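Report on the structure given below.
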Amino acid sequence: MPAPVTIREDVHIHVPVAAIHRRLSDPSTQDEWLSPHFQRYTADSDSCAFVLALPGRNEAVRLRRDGSEARSILYVRDGAGAFDSVTWAMHVEGAHEVHLTVDVAYRAAAGLIGTVGEVMVHRAHRTQALRDSLWNLKHLLEAEALAAQASEA
């Protein structure tokens, strides 16, 4: 079995860290902002399952939440699956400014075709799926924050 590979992506979100923590802690709401690459998404209070659709390849993933810290949330593989872990780290930079980082450790397909596919196509699509998801989350949370401010005014 190939060794795990890691992808890291990040985004700045202009909301309190608690709003981000709530969203990331509850897998049942994550389908609201995940990119279309994440298909057949199902979740309960502490685990999720989905298929990551890549060109010419679909990868089944099942993750469960493995505890929570104040500034990071970890999901780990639950049974067989392509992802070993997903770690969300929240770096507070101000009352309404958080640098959010996601690290995904996964196992690429084995063999010559798997290696070539990973280098030529799949890694770029994985990375884009994470970027799109982070941007969707950013826009959703910032829109919710603006709506909350408007209702208070």
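The values are calculated or read from the model by the stated rules, or taken from the named source; none is laboratory data. This structure is a prediction, so every number in the text was calculated from the model and none was measured. Positions of Cβ are backbone-derived with ideal geometry, glycine not excepted, and every protein chain shown enters the neighbour counts.
Scanning the range 46-95 for residues that are touching a residue at least 60 places away in the same chain (Cβ under 8 Å) and either polar (S, T, N, Q) or in contact with a Phe, Trp or Tyr (Cβ under 7 Å, 6 or more places away or on another chain) (or both), we see that the one that is surrounded by the fewest Cβ atoms within 10 Å (Cβ to Cβ) is D84. Here L24 does not fit the description of being modelled with pLDDT of 95 or more and of a type in the set (A, V, I, L, M). Pairs are defined by a Cβ separation below 9 Å, a sequence spacing of at least 6 or placement on different chains, a first member in the range 16-30 that is more than 16 Å from E142 (Cβ to Cβ) and of a type in the set (D, E, K, R), and a second member that is surrounded by 14 or more Cβ atoms within 10 Å (Cβ to Cβ) and at pLDDT 95 or above; the pairs so defined are D26/A43.
Of the residues that sit in the range 1-55 and are under 16 Å from R77 (Cβ atoms) and assigned to a loop (DSSP other than H, G, I, E, B), which one is nearest to the chain's Cα centre (by Cα)? Among residues in the range 1-55 that are under 16 Å from R77 (Cβ atoms) and assigned to a loop (DSSP other than H, G, I, E, B), the one nearest to the chain's Cα centre (by Cα) is D46.
Screening R107 on (1) touching a Ser or Thr at 6+ places or on another chain (Cβ under 6 Å); (2) over 25 Å from E142 (Cβ atoms) shows it passes everything except condition (1).
Residues that are touching a strand residue (DSSP E or B) at 6+ places or on another chain (Cβ under 6 Å) and surrounded by fewer than 17 Cβ atoms within 10 Å (Cβ to Cβ) within the range 26-45 comprise S28, D31, Q39, R40, Y41, T42, listed in sequence order. Name, by its number, the condition in (1) within 30 Å of A145 (Cα to Cα); (2) touching a His at 6+ places or on another chain (Cβ under 7 Å); (3) of a type in the set (A, V, I, L, M, F, W, C) that does not hold for A53. Condition (1) is where A53 drops out.
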